[in-house]
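Take a look at the structure set out below.
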Amino acid sequence: MNSNIDIYDFYYIHKAPVATRKHDLDEVIKLAFSTTSPIPTSIAIDIKNKEIYINPRFSTNGLLESKGTTIFNDKERLINILEKYSVQDWKGNYTTESPDSYNHGYGWSLLLQFEDGTTEEYLGQGTTDAIFPKEFEGFVEELYQLAKEIIGEDNMKDTYM
């Protein structure tokens, strides 16, 4: 790994090592989420530093840019959402077909970073509902509602990808 990369920097979160063991959700320090369906959105929360990013944009490395941050003090509610939808029991990849094989489809990604710097990632791409875990819509709605309550509805518009 390149020693110039700070894996705790949201910009490089995708460069962090993959977790080799299941972590307790209380150890989550960052959450990066984006989806095109059912509510197109992107959410970036730095739990450790108590910040939620406004209108985050992601790149292949991690968080590319945002319109600033606001205070995030609701770790317990976020952990409850992650637990309620058993995200750590989701498959790592729900992709059903190569993105090169279609023009229009859906995509989503959830990345959790833990205190030790390692990450767990869950994602899906494709043209059918098979790319979504069970109860994905409910998960998205609750996570979106949490973010909307903190940063405001106007800051949730056009936040996806």
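The values are calculated or read from the model by the stated rules, or taken from the named source; none is laboratory data. Being a predicted model, the structure only gives us computed values, none of them experimental. FYI the Cβ positions are ideal-geometry reconstructions off the backbone, even for glycines, and counts take in every protein chain you see. Note: accessible area is taken over every heavy atom of the protein model, side chains too, but ligands, DNA and RNA are not part of it. Shrake-Rupley method; radii C 1.70, N 1.55, O 1.52, S 1.80 Å.
For segment 57-73, indicate whether the set of residues that are of a type in the set (Ser, Thr, Tyr), more than 28 Å from ASP6 (Cα to Cα), open to solvent by 40 Å² or more (accessible area, probe 1.4 Å) and part of a strand (DSSP E or B) is non-empty. No, segment 57-73 contains no residue that is of a type in the set (Ser, Thr, Tyr), more than 28 Å from ASP6 (Cα to Cα), open to solvent by 40 Å² or more (accessible area, probe 1.4 Å) and part of a strand (DSSP E or B).
Every condition in (1) in a helix (DSSP H, G or I); (2) open to solvent by 40 Å² or more (accessible area, probe 1.4 Å) is met by ILE79 except one, and the failing one is (2).
Take the conditions (1) more than 20 Å from TYR53 (Cβ to Cβ); (2) touching a Ser or Thr at 6+ places or on another chain (Cβ under 6 Å); HIS23 misses just one of them, which is (2).
Here SER37 meets the list (1) out of contact with any Leu (no Cβ under 9 Å at 6 or more places or on another chain); (2) assigned to a helix (DSSP H, G or I); (3) of a type in the set (Ser, Thr, Tyr) almost entirely, failing just condition (2).
Scanning segment 132-161 for residues that are open to solvent by less than 50 Å² (accessible area, probe 1.4 Å), at pLDDT below 90 and in a helix (DSSP H, G or I) gives a single hit, MET156. On the stretch given as segment 26-60, residues that are at pLDDT below 90 and touching a Lys or Arg at 6+ places or on another chain (Cβ under 8 Å) total 0.
One residue is enough: does segment 114-131 have a residue meeting the conditions at pLDDT below 95, hydrophobic (A, V, I, L, M, F, W, C) and at positive phi? Among the residues of segment 114-131, not one is at pLDDT below 95, hydrophobic (A, V, I, L, M, F, W, C) and at positive phi, which makes the answer no. Restricting to segment 105-124, give me the number of residues that are part of a strand (DSSP E or B) and over 28 Å from ILE5 (Cα atoms). Counting residues in segment 105-124 that are part of a strand (DSSP E or B) and over 28 Å from ILE5 (Cα atoms) gives 1. The condition of being more than 25 Å from ASP154 (Cα to Cα) and not in a loop (DSSP other than H, G, I, E, B) holds for HIS14. Those residues that are open to solvent by 50 Å² or more (accessible area, probe 1.4 Å), touching a residue at least 12 places away in the same chain (Cβ under 8 Å) and outside any strand (DSSP E or B), I need them from segment 40-56; list them, please. Passing the criteria: PRO40, LYS48, LYS50.
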